[in-house]
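Some notes on the structure that comes next.
The values are calculated or read from the model by the stated rules, or taken from the named source; none is laboratory data. All values reported here derive from a predicted model rather than from experimental measurement. Ideal geometry is used to build each Cβ from the backbone, glycine not excepted, and the neighbour counts take in all protein chains shown. Keep in mind that these areas ignore ligands, DNA and RNA; they rest on the heavy atoms of the full protein, side chains included. Shrake-Rupley method; radii C 1.70, N 1.55, O 1.52, S 1.80 Å.
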Amino acid sequence: MIYNSILEAVGRTPVVRLRSLSAFGSEILVKLESFNPGGSIKDRAAVSMITAAERDGRLKPNGTIIESTSGNLGKSLALIGATRGYRVILVIDPKAPRSMVEFVTALGAEIEMVDTPDESGGYQWPRIERVQQLLSVTPDAFWPDQYNNPDNVRAHFELTSRELLDDVPEFDALVTAVSTGGHISGLSAAVKKELPDAITVGVDAAGSAAFGYPFSKYSMRGLGLAWKPGNLDHSVVDRVHLVADYEGVATMRVLAKSEGLLVGESAGAAVFAAVHHAYRYPGSRIVVMAADGGVNYLGESFDADWLRSAGLADQIDTAGITTPEGLIEAASRPANEQVPIEYGLTLAND
Ligand SMILES: Cc1ncc(COP(=O)(O)O)c(C=O)c1O
């Protein structure tokens, strides 16, 4: 296959069956979004948002794209900037994995580092403030606003879902990590049209406010948000599972050693939630979106010293999540969480 641009290589990612973690008579299938050229599911949203903005003139030729990102959307935008001739300014914070910063810099994007958190310890609101400042002083600037832009959701409603349903026409549950809500909202809406009985599970970081819980600090990258994003459509999410940092990170480490799958932290959290879902609904066929790959985190969550300094090593050992068997046992335990009455959702780990 010969492509005219690297952006044409976005999509058609593989789906892999988990052997060691498909417990309780379930089948867990993981769609590996790291196979996109920018290394994550964000390539799909970025191409959709930028192409729509080009079409209706919100983004001018040779204009500047400015966005707040924890890293992955930045990689996708950097790819688009390099191939379509835009200046790209990415507002990030110190939690962004180093390899992501190196990736976007190599492609010519500029970095704006926000290194002062707000009073709750988060960086996401200060990042948005910096975006607003930059927009006010940069001519021909375009802010994709991934949290509210419907073209983010549309990419998954129209394309990601078609691809998934072509590969896996029948399944019982869809498990995805949530931040902007883009992929869970688009995918779930499309999946429910074809498979009305499928249960959709939103996986969030314990501490994230995306589903309306009070915000507190968490360390996982990729999932979670300090506010409720406009793009998160609660009406298509059946269950919510809040995963602790140590559960998500431990799962990504087990996946690497037992399945040869190098996935990111949010994918670790999603697989942990999928194993819990299998425990609650034995015999299910479960699809998990693995939003990015583990290469982003090699010197960090996969590194023993980093894990100790982040305070996660002891928690992982105590929970026993170091082998597939230990993970399955840990994912079968109930967790003490509250039901988010506001949306009428049930917690997956009750
Ligand atoms: C690694 C990773 N996981 C999960 C998500 C959440 O995806 P969405 O923004 O579509 O909710 C993101 C988004 O940035 C991500 O980069």
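Here are a few things to note about the model shown:
- Segment 137-259: proportion of alpha-carbon pairs further apart than 16 angstrom, %: 64 percent
- Cα→Cβ-extended label distance, 7 Å offset, between residue 105 and residue 304, nm: 2.9 nm
- As a fraction of the 1.4 Å probe accessible area of the chain, surface on carbon and sulfur atoms comes out at 52 percent.
- For the chain, the tally of Lys pairs with Cα-Cα distances below 28 Å comes to 26, considering only residues 8 or more apart or on different chains.
- Among the trypsin sites (Lys or Arg not before Pro) in segment 1-50, those placed in a DSSP loop whose Cβ has at most 16 other Cβ atoms within 10 Å are 12, 19.
- Residue (of 79, 91, 109) at the positive-pole extreme of segment 59-125, dipole from beta-carbon charges: 79
- Of the two radii for segment 96-159, the radius of gyration is 1.01 times the Kirkwood radius, both from the alpha carbons; that is the Rg over Rh value.
- Rg/Rh for segment 42-142, where both radii come from Cα atoms and Rh is the Kirkwood radius: 0.96
- Gyration tensor (alpha-carbon) shape descriptor, segment 114-194, a/c threshold 1.5: oblate
- The DSSP beta bridges internal to the chain are antiparallel in roughly 15% of cases.
- Isotropically averaged projected area of the chain, using the convex hull of Cα atoms (one quarter of hull area), nm²: 16.6 nm²
- Segment 246-291 and segment 37-108 have Cα centres lying 28 Å from one another.
- Within the shell defined by Cβ-Cβ distances under 10 Å, the residues around residue 68 carry a net charge of -3, with Lys and Arg each +1 and Asp and Glu each -1.
- Taking all protein chains together, 99, 68 sort by accessible area into 99, 68, largest first [probe 1.4 Å].
- Per residue, the accessible area of the chain comes to 40 Å² when a 1.4 Å probe rolls over the protein heavy atoms.
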